[in-house]
Amino acid sequence: MGRLGPTEIILILVVIILLFGAKKLPDMARSLGKSARILKSEAKAMKDENKSAAPADPPATGEQPPAQRTIQAAPGDVTSSRPVTEPTDTTKR
């Protein structure tokens, strides 16, 4: 019990196609792929940022604003890229 055979998988796929329609499925898959790429690139950027961060000293009063970086939704998709300002931690501990 609990195992899916080929008949059950085909039945599930038919129900999904009937619910969402064959025209919308490729668009949904494409947008899911874009979201996954964005999530992966953000996770990698956060890892790289944590590796390159030195031990924090108390911030100076004349601190410069953080540099902007560009996030692209998909490789080669220039129309949806936008500059992003990283949030800063302003809490005092």
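Measuring only protein heavy atoms, the 1.4 Å probe finds Glu8 accessible over about 80 Å².
Among 29-40, 12-23, the peptide with the highest mean count of other Cβ atoms within 10 Å heads the list, and the full ranking is 29-40, 12-23.
The values are calculated or read from the model by the stated rules, or taken from the named source; none is laboratory data. Keep in mind that what you see is a predicted model, and the values were worked out from it rather than measured. For neighbour counting, all protein chains shown are included, and Cβ atoms are generated from backbone atoms with ideal geometry for every residue, glycine included. Heavy atoms of the whole protein, side chains included, go into the accessibility calculation; ligands, DNA and RNA do not. Shrake-Rupley method; radii C 1.70, N 1.55, O 1.52, S 1.80 Å.
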